[in-house]
Amino acid sequence: MAATVQLSLEQAHDLALRALLAHGFSNAQGRAVADTMIAAERDLCTSHGLFRLPFYVKSLTNPKVDPKAVPELSDLAPAILRVDAKFGFAPLALQMSAAPLIEKARSNGIAALAINNTVHIAALWPEVERIAEQGLVAFAFTVAMPYVAPAGGSKALYGTNPMAFA
């Protein structure tokens, strides 16, 4: 029988970060991904916690994915921010855009963020929580592959919950 190992959240973060760095992630990309996975572990949503680590590593088999990408932010309008994630991972793009997005929301009463060219395998609620903790309302949406057939249907049409709000 295999022994059960319990890690603190700090130990789990360190383990995830070391694994990501060993597979070629930059420190910034690896830390942001590990932050999001460990937030899921903290919130007892293991389906988006360390469970996702192999998915991140496997995604590197796609030659478009860049584990060292540095997202590029640009202002499109007073209340609109765009991030080109450069085919890196969503957590870093989301972390880098949080402060400017919050500033735009406070200045304009509303703000929108679009992220393009990203790999998204993470949970969305840590991102909306970051904004809600600043006293703002937040919604996040992402595309999803069709996995679920509608009632009475036999062909997948809907994705699985690609939205969060706080």
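The values are calculated or read from the model by the stated rules, or taken from the named source; none is laboratory data. For clarity, every value in this text was computed on a predicted model and none was experimentally measured. Neighbour counts run over all protein chains shown; Cβ positions are idealised from the backbone, glycine included. Please note that ligands, DNA and RNA were not included when accessible areas were found on the heavy atoms of the full protein model with its side chains. Shrake-Rupley method; radii C 1.70, N 1.55, O 1.52, S 1.80 Å.
When the charge dipole of the chain is built from unit charges on Cβ atoms (+1 for Lys and Arg, -1 for Asp and Glu) and taken about the Cα centre, the candidate among ALA149, ALA112, PHE87 whose Cα reaches farthest toward its positive end is ALA149. Summary value for the chain: 16 percent relative contact order, contacts being C-alpha pairs under 8 angstrom separated by 6+ residues. Helical runs assigned H by DSSP (4 residues or longer) give the chain a calculated mean residue ellipticity at 222 nm of -12000 deg cm²/dmol, each run adding -39500 (n - 2.57) before division by the residue total.
DSSP beta bridges fully contained in segment 61-133 are about 40 percent antiparallel. Expressed as a whole percent, the accessible surface of the chain that belongs to carbon and sulfur atoms is 60, based on a 1.4 Å probe. Placing +1 on the Cβ of every Lys and Arg and -1 on the Cβ of every Asp and Glu, with nothing else charged, gives the chain a dipole about its Cα centre of roughly 420 debye. Averaged per residue, the chain has 60 square angstrom of accessible surface, using a 1.4 angstrom probe with ligands and nucleic acids left out. Computed over the Cα atoms of the chain, the ratio of the radius of gyration to the Kirkwood radius (Rg/Rh) comes to 1.00.
The residues packed around VAL5, meaning those with a beta-carbon under 15 Å from its beta-carbon, carry a net charge of -3 if Lys and Arg are +1 and Asp and Glu are -1. Roughly what percent of Cα-Cα pairs across segment 1-93 reach past 22 Å? Result for the distance tail: 34 percent. Kirkwood-type hydrodynamic radius, segment 70-166: 14.4 Å, calculated from all non-identical alpha-carbon pairs. Can you work out the base-10 log of I(q)/I(0) for segment 78-127 at q = 0.21, 0.23, 0.24, 0.29 1/Å, using the Debye formula on its C-alpha atoms alone? With one equal scatterer per Cα and no solvent, log10 I(q)/I(0) is -0.71, -0.81, -0.87, -1.08. Highest mobility in the GNM of the chain, judged by mean-square fluctuation with C-alpha springs under 10 Å and restricted to SER97, SER154, SER74, is found for SER154.
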